[in-house]
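Report on one structure; see the data block that follows.
The values are calculated or read from the model by the stated rules, or taken from the named source; none is laboratory data. Because the structure is a prediction, the values reported are computed rather than measured. Here Cβ is always computed from backbone atoms with ideal geometry, including for glycine, and neighbour counts include all displayed protein chains.
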Amino acid sequence: MGVKIFKFIINLVLFVVGSWVVVHISALFGVFIAFAYPIWQFILPGQLPCLFCTIKEDGEYCTVCKRVVNRAEGIDPDTLKSIILNSLLILVFSLFSIGLVLAEQKILSYLGYPPTPKTVTFIIPNKNQYPLGKIFPMKIEIAGIKTPINAVQADVGFNPEILEVVNVSTVGSFANIFIQKEIDNDNGYIRLTGGLPNPGYFSERGDFGTVYFKGITPGVSEVRFLETSMVLANDGRGTNVVKEFAFASYLILPDEITEDEKQQQEVLLGAQVLGEQTDATKMVFYEESDVLGVQEEFDNSVPEESKETCPQLILCFIEFINNLIINFWKSILGILFNPEA
């Protein structure tokens with residue numbers, strides 16, 4: 001009993017693998033074979049079999065060739081009608097195979113193959129030395145965007161004994177919807193969450209927001225994008241495509257800015273905040289607060305990477321073959337219908 005089950009499994013695997021190979025070969029070359037079939041039939045008559053005769057037993061009648069099947073005498077198509085019908089059969093099977101390849105690729109995409117590559121990096125500006133009391137901006141900038149994105153969560157940590165956050169601005173951001181802005185000057189934490197609708201944002205780099213720091217004590221503070229930061233691709237799966245989390249050290253010098261400089265930067269910052277509040281192109285779903293140093297609860301847990309449950313190597317190979325076939329036919333159709341492109 002065990003041997004029979006083992007043989008059945010082996011035969012089933014061979015059948016599935018063989019069927020997959022036949023379908024993909026047909027999807028790639030079947031159309032050419034369909035058009036070449038009548039040509040070869042005229043060049044080398046008697047060498048290609050009639051597909052309708054091959055499914056018949058000897059002695060049975062083939063309605064396409066209008067004859068009794070006799071393999072000893074040959075089963076090649078001997079009429080123009082049978083040649084054309086054989087070509088059409090190959091063509092239909094080829095088009096059906098291409099449809100199966102497209103459906104297979106859709107299923108793989110739904111399951112997460114190919115996985116969207118992690119290419120995005122958070123960037124921190126190089127200039128990092130300021131006098132005491134100076135309010136300076138740090139752009140929340142992302143680079144390496146290789147696929148459209150539609151949501152960003154920027155979590156920034158800093159030393160609250162050296163720096164404090166005066167404001168987090170969204171002026172000039174590529175995002176137009178913001179759902180969360182948290183400033184915690186007691187624990188040294190910032191979170192800005194937002195995005196934009198389909199088709200998302202697609203450029204090599206972009207500004208998501210600006211953090212305005214103020215040096216409150218001389219010393220060195222590390223400013224770091226936390227690993228809870230996320231940039232989600234607009235790939236239908238919300239893949240987090242962050243590759244690297246930037247960090248830098250900011251030196252606050254003991255030399256304090258003058259009273260005139262303090263007034264100037266307060267006026268400048270106030271104008272920027274007013275400009276942000278009157279920006280009608282952005283949708284804000286969080287409550288603004290003028291109180292700094294308010295502690296709010298936040299989640300510092302690092303999101304776990306999803307574990308693959310299927311044999312990744314096999315699925316990636318299938319995805320590679322499917323893309324090869326799909327891109328091949330895209331190129332052929334592009335040459336035929338849009339030769340100037």
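Yes or no: the range 276-294 includes at least one residue that is modelled with pLDDT of 60 or more, closer than 22 Å to residue 152 by Cβ and not charged (D, E, K, R).
Checking the range 276-294: at least one residue is modelled with pLDDT of 60 or more, closer than 22 Å to residue 152 by Cβ and not charged (D, E, K, R).
Having 2 or more residues that are surrounded by 19 or more Cβ atoms within 10 Å (Cβ to Cβ), in contact (Cβ under 8 Å) with a residue 60 or more places away in the chain and not charged (D, E, K, R) is the bar; report the strands (runs of 3 or more DSSP E) wholly within the range 103-191 that clear it.
In the range 103-191, 120-123, 135-143, 149-157, 163-169, 177-184 are the strands (runs of 3 or more DSSP E) which contain 2 or more residues that are surrounded by 19 or more Cβ atoms within 10 Å (Cβ to Cβ), in contact (Cβ under 8 Å) with a residue 60 or more places away in the chain and not charged (D, E, K, R).
Wholly within the range 210-273, which strands (runs of 3 or more DSSP E) include no fewer than the required count, namely at least 2 residues that are free of Cβ contacts under 8 Å to residues at least 12 places away in the same chain and surrounded by fewer than 17 Cβ atoms within 10 Å (Cβ to Cβ)?
In the range 210-273, no matching strands (runs of 3 or more DSSP E) lie anywhere.
Restricting the range 192-209 to residues that are of a type outside the set (A, V, I, L, M, F, W, C) and part of a strand (DSSP E or B), which is nearest to residue 269 (Cα to Cα)?
209
When you scan the range 306-339, how many residues do you find that are closer than 27 Å to residue 238 by Cβ and modelled with pLDDT under 80?
Adding up the residues that qualify gives 10.
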